[in-house]
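This report concerns only the one structure given below.
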Amino acid sequence: MVTRRLPAPVEAELTRAFDARLNRDDHPLTPAELQDALRSADALLPTVSDRITAATLAVEPLRTRILANYGVGFNHIDVAAAKARGVVVTNTPEVLTDDTADDAIMLMLMVARRAGEGERQVRSGAWTGWRPTHLLGTKVSGKTLGLIGLGRIGRAVARRARHGFGMRVVFHDPYPPPAEVVAELAAEPRATVEDVLREADFVSLHSPATPETRHLMNAARLALMRPTAFLINTARGDIVDEAALVAALERRHIAGAALDVYEKEPLVTPALLTMENVVLLPHLGSATQETRVAMGMRALDNLMAFFAGTAPRDRVV
């Protein structure tokens, strides 16, 4: 059972390899529909928008033996409950690294150079022509980028920032990559998140969504950022306390924010919608034709391996 429409080449391969049930009208499955799928399908291919909780997995009889998740993040799946019920969970890492890193850089440029404001002015007819003081933004080249998390995507962002914009990169990661990787990036480690926040002109979040990282960016930490600094989030929405972010923006404790993910996605905190110094995108991190096809093929590879009796390479539990 495939919970959402996937790019056509992926659906074609799934249909060729399996008795695949596709979600033809692309509607979000309800908890009851997810449970029906778990009762009737040997495998489920869910996406980030499908919340598979312990209650969802408590169905009887449970036929599904593998959740081949379409995406690298799997915080929407109760992996402990899946493991307890003997259900394998896989994800699709690596294939979306570059696109998500590009997304973070795009957001940084958009919010710094006030691109969203500018486009709105042009489209609305409010632009009256060039003038020296119109929509003055913030220079990106040569500034300090602070990364919270230096996994695959964080490293790809660091590489782009360092070599593309001559930025100084500082980071905090409780599980940092090997020293040679850090040296190649010319990235400077910091002992705490707070140390990064005090130093950075741009703060980009690349932490996984776990109970420990929920509201990692809270009121106290936002208050440590420079009043000229910007926050970028392409990781997971609940890493940021959106109410605290709104308050920090309203009080001008920080200069702006650029978000691709949201705390209660797809709902967005209403105040953010009214703010000109905020860039808001609809979860486009991996949204290229090439990568979305690659993600599907990676999920298919995991399914093929599992049903062939071999270990899927992207097994989470």
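The values are calculated or read from the model by the stated rules, or taken from the named source; none is laboratory data. Bear in mind the structure is a predicted one, so any value in this text is a computation, not a measurement. Neighbour counts are summed over all protein chains in view; Cβ atoms, including those assigned to glycine, are modelled from backbone coordinates with ideal geometry.
Restricting region 23-44 to residues that are over 27 Å from R236 (Cα atoms) and not in a helix (DSSP H, G or I), which is nearest to the chain's Cα centre (by Cα)?
Looking only at region 23-44, we keep the residues that are over 27 Å from R236 (Cα atoms), and these are 24, 36, 39-42.
Next, only the ones that are not in a helix (DSSP H, G or I) stay: 24, 41-42.
Details: R24: 26, A41: 28, D42: 28 Å.
Restricting to residues being over 27 Å from R236 (Cα atoms) and not in a helix (DSSP H, G or I), the top hit is R24.
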**Q.** Condition met for G164 (outside the structural domain of G71 (by TED's automatic domain parsing) and not in a helix (DSSP H, G or I))
**A.** no
Q: All but one of (1) closer than 19 Å to N75 by Cα; (2) in contact (Cβ under 8 Å) with a residue 24 or more places away in the chain hold for L272, so report the exception by its number.
A: (1)
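Does T291 fit the bill of being in a loop (DSSP other than H, G, I, E, B) and modelled with pLDDT of 95 or more?
Numbers: in a loop (DSSP other than H, G, I, E, B): no; modelled with pLDDT of 95 or more: yes.
It is false that T291 is in a loop (DSSP other than H, G, I, E, B) and modelled with pLDDT of 95 or more.
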Q: Could you run through region 214-237 and say how many residues are surrounded by 20 or more Cβ atoms within 10 Å (Cβ to Cβ) and either among the hydroxyl-bearing types (S, T, Y) or in contact with a Cys (Cβ under 8 Å, 6 or more places away or on another chain) (or both)?
A: 1
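Conditions (1) surrounded by 21 or more Cβ atoms within 10 Å (Cβ to Cβ); (2) under 24 Å from Y175 (Cα atoms); (3) in the same structural domain as M225 (by TED's automatic domain parsing); (4) free of Cβ contacts under 8 Å to residues at least 12 places away in the same chain, marked per residue:
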{"position": "V87", "(1), (2), (3), (4)": "yes, no, no, no"}
{"position": "A115", "(1), (2), (3), (4)": "no, no, yes, no"}
{"position": "T128", "(1), (2), (3), (4)": "no, no, yes, yes"}
{"position": "P132", "(1), (2), (3), (4)": "no, no, yes, yes"}
{"position": "T144", "(1), (2), (3), (4)": "no, yes, yes, no"}
(Q) over 18 Å from I66 (Cα atoms), touching a helix residue (DSSP H, G or I) at 6+ places or on another chain (Cβ under 8 Å), touching a residue at least 12 places away in the same chain (Cβ under 8 Å) and not small (G, A, S): is that true of P7 in this structure? (A) yes
Q: Among what's in region 45-80 and is in a helix (DSSP H, G or I) and either surrounded by fewer than 16 Cβ atoms within 10 Å (Cβ to Cβ) or in contact (Cβ under 8 Å) with a residue 40 or more places away in the chain (or both), pick the residue that is nearest to the chain's Cα centre (by Cα).
A: V79
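So, restricting to strands (runs of 3 or more DSSP E) that lie completely within region 186-272, which ones have at least 1 residues that are of a type outside the set (V, I, T) and modelled with pLDDT under 95? Talk me through it step by step, then tell me what you get.
On the way: elements: 187-189, 202-205, 230-233, 256-259.
Strands (runs of 3 or more DSSP E) meeting the threshold: none at all.
Output the residues belonging to region 294-317 that are hydrophobic (A, V, I, L, M, F, W, C) and assigned to a strand (DSSP E or B). Write out each step before concluding.
The first filter runs over region 294-317 and keeps only residues hydrophobic (A, V, I, L, M, F, W, C), leaving 294-295, 297, 299-300, 303-308, 311, 316-317.
None; the set is empty.
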Q: Starting from residues that are over 12 Å from the mean Cα position of the chain (by Cα) and either assigned to a helix (DSSP H, G or I) or modelled with pLDDT under 95 (or both), keep the ones in region 103-113 and report whichever is surrounded by the fewest Cβ atoms within 10 Å (Cβ to Cβ).
A: L109
Q) Which condition number does A299 fail, the rest of (1) in contact with an Asp or Glu (Cβ under 9 Å, 6 or more places away or on another chain); (2) under 25 Å from G116 (Cα atoms); (3) in contact (Cβ under 8 Å) with a residue 40 or more places away in the chain; (4) surrounded by 15 or more Cβ atoms within 10 Å (Cβ to Cβ) being met? A) (2)
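Could you list, in sequence order, all residues of region 241-259 that are without any contact (Cβ under 8 Å) to a residue 40 or more places away in the chain and either out of contact with any helix residue (DSSP H, G or I) (no Cβ under 9 Å at 6 or more places or on another chain) or closer than 15 Å to H283 by Cα (or both)? Lay out the reasoning, then the answer.
At the first step, the residues of region 241-259 found to be without any contact (Cβ under 8 Å) to a residue 40 or more places away in the chain are 241-254.
Once the filter is applied, which keeps residues that are without any contact (Cβ under 8 Å) to a residue 40 or more places away in the chain and either out of contact with any helix residue (DSSP H, G or I) (no Cβ under 9 Å at 6 or more places or on another chain) or closer than 15 Å to H283 by Cα (or both), region 241-259 yields R251, R252.
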Q: Considering every residue within region 162-173, establish whether at least one is out of contact with any Ser or Thr (no Cβ under 9 Å at 6 or more places or on another chain) and among the aromatic types (F, W, Y).
A: yes
Q.
Scan region 29-42 and tell me whether some residue there is buried (at least 17 other Cβ atoms within 10 Å of the Cβ) and under 20 Å from S286 (Cα atoms).
A. no
